[in-house]
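What follows is a single structure, written as structure tokens, with notes after it.
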Amino acid sequence: MNGNAQILYRQATAFHQKEQLAEAEKLYQQLIAALPLSPEPRHMLGILRMQQGRNNEARELLGAAVRINPRNPEMLGNYANALGALGRFDEALAAIDQALAVNPDFTGAMYNRALLLQQLNRFPDALAAYDRLLAREPGFVEALFNRGILLLNLKRDSDSLASFDRALAIWPDFAEVWHNRSHSFEDRE
């Protein structure tokens with residue numbers, strides 16, 4: 001990006017951060033028109049479209065950004081999020097795996113991979129993905145919570161209870177954990 005484009009991009013992202021989406025959208029569109037080979041404005045407009053619930057448009061924009069720069073793990077992760085929002089979980093998993101091939105330490109992608117595997121009912125793989133993530137980031141509360149739900153669904157109540165308790169030790173006010181933790185005590189037939 002040249003100097004003027006960088007200024008425009010900074011203005012667009014500032015509007016975006018302030019949730020002034022209409023202003024950010026106009027600037028991103030100007031940048032896309034001026035810089036057809038730049039993935040960043042497409043990426044950011046794709047994120048904005050997801051915020052608006054316009055997931056098909058987000059997928060198209062993020063897919064275009066990834067085609068321009070297929071080695072950017074954040075773009076790949078956001079593309080996967082758009083695909084997941086459309087229920088295209090297998091494609092989303094492929095994009096997440098591509099992001100992790102570029103950056104194996106990308107914690108957000110590791111978490112999203114576990115969630116996608118869970119949504120695909122690949123429970124042993126999902127549990128292994130949560131465990132790998134938690135070995136690296138033991139305080140990742142959302143991973144502990146979703147791992148607990150997975151274990152609860154697998155009727156491994158004592159293991160789910162342990163996962164929920166680890167989450168609560170970090171974030172005692174996480175109401176959803178308390179709610180789901182109570183299911184660990186229910187009799188299962």
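The values are calculated or read from the model by the stated rules, or taken from the named source; none is laboratory data. Please read these numbers as outputs of a predicted model, since none were measured by experiment. Cβ sites come from the backbone with ideal geometry, for glycine too, and all protein chains shown count toward neighbours. Just the protein is used for accessible areas: all its heavy atoms, side chains included, with ligands, DNA and RNA removed. Shrake-Rupley method; radii C 1.70, N 1.55, O 1.52, S 1.80 Å.
Laid out as a table, the results:
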quantity: Members of the range 121-161 that are more than 22 Å from His183 (Cα to Cα), assigned to a helix (DSSP H, G or I) and not basic (Lys, Arg); calculated: Asp125, Ala128, Ala129, Leu133, Leu134, Ala135
quantity: The lone exception for Ala109 - which of (1) open to solvent by 20 Å² or more (accessible area, probe 1.4 Å); (2) farther than 24 Å from Ala175 by Cα it fails; calculated: (1)
quantity: In the range 32-79, the residues that are open to solvent by 30 Å² or more (accessible area, probe 1.4 Å), part of a helix (DSSP H, G or I) and not aliphatic (A, V, I, L, M); calculated: Glu40, Arg42, Gln51, Asn55, Asn56, Glu57, Arg59, Glu60, Arg67, Glu74, Asn78, Tyr79
quantity: All positions within the range 162-189 that are part of a helix (DSSP H, G or I), within 26 Å of Phe106 (Cα to Cα) and open to solvent by less than 90 Å² (accessible area, probe 1.4 Å); calculated: Ala162, Ser163, Phe164, Asp165, Ala167, Leu168, Ala169, Ile170, Val177
quantity: Long-range neighbours under 7 Å by Cβ, at least six apart or interchain, first residue in a helix (DSSP H, G or I) within the range 81-95, second open to solvent by 10 Å² or more (accessible area, probe 1.4 Å) and among the hydroxyl-bearing types (Ser, Thr, Tyr); calculated: Ala95/Tyr79
